Amino acid sequence: MSCNGCRVLRRGCSDECILRPCLDWIESPQAQAQATLFVSKFFGRSDLMSLVAAVPHSQRSVLFQSLLFEACGRKVNPVNGAVGLLITGNWHICRAAVETVLAGGVITPISPPDGVVKCMETEASEISEVSPESGESDKEPKLLNLFA
């Protein structure tokens, strides 16, 4: 009988299946299928299988769990991922995203704080304002010289 990971990926499953030990830590069959589908969509099916095959049998469950957390972290925080959420003290967001995936829900990225967006908008508007040297409005935004 095929495991839930192979079933959702529509691949043949055998007694030496490399995905079966990866999913032992997930209790329900539906959650196993949701996790496998999410990780394979994020990393790609062939890359997922290559990554899992490259580690020893005893560490495959830990690898899959790490891949799931990183995929959820990148989906929630595309720039810094799970490590960024951990460093900023927002690990609970990553854990909630994993629970959402296991429950079959949809994850949306978190929005940056209002101050960051306003700061970026202010800098962009300052760049395209009237140039003091020429007195004319620039059509193209200037690049900031950070090394001057």
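Let's see how each residue does on (1) under 16 Å from Leu102 (Cα atoms); (2) of a type in the set (Ser, Thr, Tyr); (3) at pLDDT 90 or above:
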| position | (1), (2), (3) |
| --- | --- |
| Val8 | yes, no, no |
| Leu19 | no, no, no |
| Ser50 | no, yes, yes |
| Ser66 | yes, yes, yes |
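What's the number of the only condition in (1) open to solvent by 50 Å² or more (accessible area, probe 1.4 Å); (2) part of a helix (DSSP H, G or I) that Met49 fails to meet?
Answer for Met49: the failing condition is (1).
Quick check on region 98-113. Is at least one of its residues of a type in the set (Asp, Glu), over 20 Å from Ser2 (Cα atoms) and buried (at least 16 other Cβ atoms within 10 Å of the Cβ)?
Checked region 98-113: no residue is of a type in the set (Asp, Glu), over 20 Å from Ser2 (Cα atoms) and buried (at least 16 other Cβ atoms within 10 Å of the Cβ).
Which of the residues that make up region 24-36 are open to solvent by 60 Å² or more (accessible area, probe 1.4 Å), of a type outside the set (D, E, K, R) and either over 10 Å from Leu102 (Cα atoms) or more than 20 Å from the chain's Cα centre (by Cα) (or both)?
Selection gives Trp25, Pro29, Gln30.
Please go through (1) among the small types (Gly, Ala, Ser); (2) buried (at least 20 other Cβ atoms within 10 Å of the Cβ); (3) in contact (Cβ under 8 Å) with a residue 60 or more places away in the chain for Ser40 and return the number of the only condition it doesn't satisfy.
The failed condition is (3).
For region 92-121, which positions are in a helix (DSSP H, G or I), modelled with pLDDT under 90 and among the small types (Gly, Ala, Ser)?
Gly115
What are the pairs with Cβ atoms under 7 angstrom where one residue, in region 93-106, is at negative phi and the other, located anywhere, is of a type in the set (S, T, N, Q)? Sequence gap at least six, or different chains.
Partner pairs satisfying both residue conditions: Val101/Gln34; Leu102/Gln34.
The values are calculated or read from the model by the stated rules, or taken from the named source; none is laboratory data. Nothing here was measured: the structure is a model prediction, and the numbers come from that model. As a convention, Cβ positions derive from the backbone with ideal geometry for all residues, glycine included, and neighbour counts pool all protein chains shown. For the accessible areas, the whole protein counts, side chains as well, though only heavy atoms, and no ligand, DNA or RNA atoms are used. Shrake-Rupley method; radii C 1.70, N 1.55, O 1.52, S 1.80 Å.
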